[in-house]
1. If you take all C-alpha pairs in the chain, what percent of them are over 42 Å apart?
2. Which of the peptides 134-144, 86-96 is most tightly packed, and how do the rest follow, going by the mean number of other Cβ atoms within 10 Å of each residue?
3. Not counting ligands, DNA or RNA, and with a 1.4 Å probe, what is Asp26's accessible surface area in Å² rounded to the nearest 10?
4. Can you pull the percent of segment 229-315's accessible area that's carbon plus sulfur, 1.4 Å probe, other chains left in place?
5. Per residue, how many Å² of accessible area does the chain show with a 1.4 Å probe?
6. Is there a quick way to get the dipole size of the chain? I mean about its Cα centre, with the Cβ of Lys and Arg at +1 and of Asp and Glu at -1; what is the value in debye to the nearest 20?
7. Can you list the DSSP H helices in the chain whose Cα atoms extend at least 20 Å along the helix axis and whose mean Kyte-Doolittle hydropathy is 0.0 or higher?
8. Which whole-angstrom value gives the distance between the alpha carbon centres of segment 372-392 and segment 119-185?
Amino acid sequence: MTDLNDIRDVTTLKERIAAELSAARDRTLAYTDTDDYLLTRQHSPLMSPLVWDLAHVGNFEELWVLRKAAGLPPMRPELDDLYDAFTHPREDRPSLPLLGPEEARRYISDVRSRTYDVLDTVDFDDPDPLRGGGHVFGLVLQHEHQHAETMLATLQLSRQPGVVGDGTLPPARTRSRSESPEVHIPGGIFTMGAGAAAGLGAASRPWAYDNERPAHRMFLGSYWIDRHPVTNGAYIAFIEAGGYREPQWWSPDGWEWVERSGVEAPLYWTKDEDTWWRLRFGRQEPVPEDEPVIHVSWYEADAYARWAGKRLPSEAEWEKACGGRLYPWGDQEPGPEHANLGHRASRPAPVGAFPEGASPYGVEQLVGDVWEWTDSCFRGYPGFRSFPYREYSEVFFGESYRVLRGGSWATHPSAIRTTFRNWDLPVRRQIFSGFRCARSELL
Ligand SMILES: [Fe+2]
């Protein structure tokens, strides 16, 4: 696999984009290849019915590729309001007159055939920021993959067995005893944000979102960061030590959440005698101790870190630990030896499974497995300019949302890089979220 940014020949680039779009669509259709009841029911007020995501993916593509980039008239103007994520909150979406599953499939397929026509004829040298370099195709491709991940989170919430497939993952490598569980990152100036990766100017990165730009230099003091994400086994030690009963480990908001919700373990976990079990896509299984913990809120991550005598890394510390490249291992596209991405299996891989995916500092599994909560609130970088629309990220800036980094097992390789920023509310844990800890260097 080559980097899309390195493809200089336009025909080759267009063929590659068409193949990527088609693979994303296969994935969307696979996750919605189930009975109408499962597609139209709302499994949680946190999520849309799957059939909403299905038609929304096509509506977004129609809006951006066909109308805004190619100037075509609307195909179904009455759909815009129904599938605008800002008009109707998720809990209201089941009561809307949504397209049924068959009609939704037909609509998104009609949009897609026109998208291919636009791709054939569009001029990638066009100065228009949507058409130039094919930016708009990167936008809809990543959007579709992001919704595929959302669909997996919804399917997990549905607790329905037999819908989501599993696969195999590499085992944990044997680690030497001398290998420290933490990695030291020396202080200094580093460049954060898209454009920082070697050989890639900010303007030539058609795939980066507005919130990843502009690249900017900043100073960080030296710190330690965990070599791997925190495992289930380590998290069980926190629970067994009474972590959920001790307010001293929790932020004030976090403790209020524990008291109000009564949570005492990650989402989907139960305890039977001495064994912890988890529900994964409708099936119960013992919690594997060597996998990164998943389905924890920011509050839980923050409390664990305090209990462990550490803290969550800032997103700058997380990004610096990647070593200033497109991916922690370099600029080469993700291969099976690098990371657990793209739903190879429906779970994180054991820690130590990807030595070849380590960053130059030796930090492992930064990309893939679990989204990693950071201590940072979601804000614009200095000089931020919204593109192509304010609602993609700017309206979420502020104190409410915490940043997650690195993608999960459910994230497609086309929708992740070391500069990619995800964000969510600190109570959320239906997403594929975990974390690693950091600590400042004691002087
Ligand atoms: Fe969307």
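1. 12 percent
2. 134-144, 86-96
3. 100 Å²
4. The C+S portion of the solvent-accessible surface of segment 229-315 is 47 percent.
5. On a per-residue basis, the chain sits at 41 Å².
6. Computed charge dipole of the chain: roughly 620 debye.
7. Helices meeting the criterion: 135-158.
8. So the two Cα centres are separated by 19 Å.
The values are calculated or read from the model by the stated rules, or taken from the named source; none is laboratory data. Quick caveat: nothing in here was measured; it's all calculated off a predicted structure. All Cβ positions, glycine included, derive from the backbone under ideal geometry; neighbour counts span all protein chains shown. Ligands, DNA and RNA are excluded from the accessible area calculation, which covers all protein heavy atoms including side chains. Shrake-Rupley method; radii C 1.70, N 1.55, O 1.52, S 1.80 Å.
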